Amino acid sequence: MRFHHFEDLEPGQEFTGGPITATREAMVAFAREFDPQPFHLDEVAAKATFVGTLIGSGWQTACYGMRLLADGLMLQSSSMGSPGIDELRWLKPVLPGDTLSATIRVEETRPSSSKPDRGFVRFKLTITDGGGEPVMTQAFSVMFARRGHTPAPRSVTFEEKPFEPVREADDAVPLPFLGEAEIGASRDLGQHRFEPDAIIAFAKVYDPQIFHTDAAAARETHFGGLCASGWHTAAVWMKRLHATWARDMRLTAKHGPVPQLGPSPGFRNMRWLRPVYAGDTLRYATKLVGARASTSRPGWGLAHHHNTAENQRGEPVFEFTGSVFWQWSA
């Protein structure tokens, strides 16, 4: 198989990945860890939700997309990681047993204007199910080293604290129906520490690039050390959102009805601003930036939220703007 550097990638080229099967067991396991909504966990509970049936988490579909991308191109390339996703759309639910395949199309290439040893490639990724129907599309960029260049490792200072589970906060606020929600309201989602074993375990399944799976080899890459997959960072955002909202829902239930949440149609402008290294602790937050009632689903609306994470030094490492269906009124 050919090894691809920046110079080898041209607009119009296509690569393929897969198939990979989304099993019920894997769906439920991912949901329990990162996205524990009823329609991802249990067929019976799913019947009473917006979706009505058991489906895979969209975040897991995105992670499967990363695995298909890795197998189809990245593991045979000079990939230096991605600065982010311009837009991702979840078009169709992934059901237990679906087989997923990917087409990866090169859209644009440009040399770095500041670092002559690398360049950027913009891709369009389309994931299809076994029937050939698109379930997800993604527009994103990846940085690649040029042939004959080995970017120097950066100097990294690792957190040396021994493992201590991050304590779950006990704060809670009422969770409103979307029609009553305050635009501009922010919610602290708490902290998560990225341990080496967890970074490696996640990456081996979804993003097996060497700087995510091998601490010794990662030190020789431009990252300078073991760092978490960007999709791991994103999945933990979802984990923190649900952990926080679970407390808010319990408080809300003491005083009245609890609004239901539905799936997300997608997000835009996801940016991985700094590497998340083994031992880093991120604090996540979400802010409601817009809302509108749904014309196709009475009683529901679409919430727009801006999400961020910063590391233990207060440096921003992650952000994106997403959307989610949210019950509009009781």
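Please treat every number below as a calculation from the coordinates, not as lab data. All values reported here derive from a predicted model rather than from experimental measurement. Cβ atoms come from the backbone with ideal geometry, glycine included; neighbour counts cover every protein chain shown.
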For T21, distant residues with modelled amide H under 5 Å away: L100
Mean projected area in nm² (Cα convex hull; one quarter of hull surface) for the range 131-191: 11.8 nm²
Farthest toward positive dipole pole in the range 22-176 [+1 Lys/Arg, -1 Asp/Glu at C-beta], among T61, T109, Q37: T109
Amide N proximity, the range 87-116 versus T16 label position 7 Å along Cα-to-Cβ, cut-off under 12 Å: 101-104
Estimated FRET transfer efficiency when R0 is 30 angstrom, pair A172-R32 (beta carbons, to 0.05): 0.85
Estimated FRET transfer efficiency when R0 is 22 angstrom, pair D214-S186 (beta carbons, to 0.05): 0.05
Average projected area [Cα convex hull, the range 1-147], square nanometres: 9.3 nm²
Estimated vicinal HN-Hα couplings, Hz - the range 76-91 in sequence order (Karplus 6.51, -1.76, 1.60; Gly, Pro = x): 10, 8, 8, 3, 10, x, 10, x, x, 10, 6, 7, 10, 10, 8, 9
Cα-centred dipole magnitude for the range 172-330, charges only on beta-carbon of K, R (+1) and D, E (-1), debye, nearest 20: 380 debye
Structure-based [θ]222 nm, the chain - -39500 (n - 2.57) summed over DSSP H runs of at least 4, per residue, nearest 500: -7000 deg cm²/dmol
Computed over the range 1-147: relative contact order in percent, which uses C-alpha pairs under 8 Å that are six or more apart: 32 percent
For the chain: Kirkwood Rh in Å [reciprocal of mean 1/r, alpha carbons]: 20.8 Å
The range 91-187 - Rg (one decimal) and Dmax (whole number), Cα, Å: 22.2, 58
Surrounding net charge for Q327, when Lys and Arg each add one and Asp and Glu each subtract one, Cβ distance under 11 Å: 0
Added length on full extension, which subtracts the Cα-Cα distance from 0.36 nm per residue, V205 to A293: 27.9 nm
log₁₀ of I(q)/I(0) at q = 0.08, 0.09, 0.15, 0.20 Å⁻¹ - the range 172-330, Debye sum with one point per alpha carbon: -0.28, -0.35, -0.83, -1.20
Estimated dipole of the range 1-147 in Debye, rounded to 20 [Cβ of Lys and Arg +1, of Asp and Glu -1, Cα centre]: 340 debye
Out-of-range pairs (alpha-carbon distance over 32 Å; input K92/K287; K92/K239; K124/K239; K204/K254): K204/K254
Amide proton proximity set for E195, modelled H, under 5 Å, gap of 5+: G279
The range 124-142-the range 266-330 distance, computed between alpha-carbon centres (Å): 22 Å
Gain upon complete extension [R122, R2; 0.36 nm per residue less C-alpha separation]: 41.2 nm
In sequence order, calculated HN-Hα J values of the range 167-177 (Karplus, 6.51, -1.76, 1.60; Hz; x Gly/Pro): 6, 6, 5, 10, 6, 7, 10, x, 9, x, 5
Lys, Arg +1 and Asp, Glu -1 on Cβ, resulting dipole of the chain about Cα centre, debye, nearest 20: 420 debye
Pair S112, R147: separation of 7 Å Cα→Cβ label points (nm): 1.9 nm
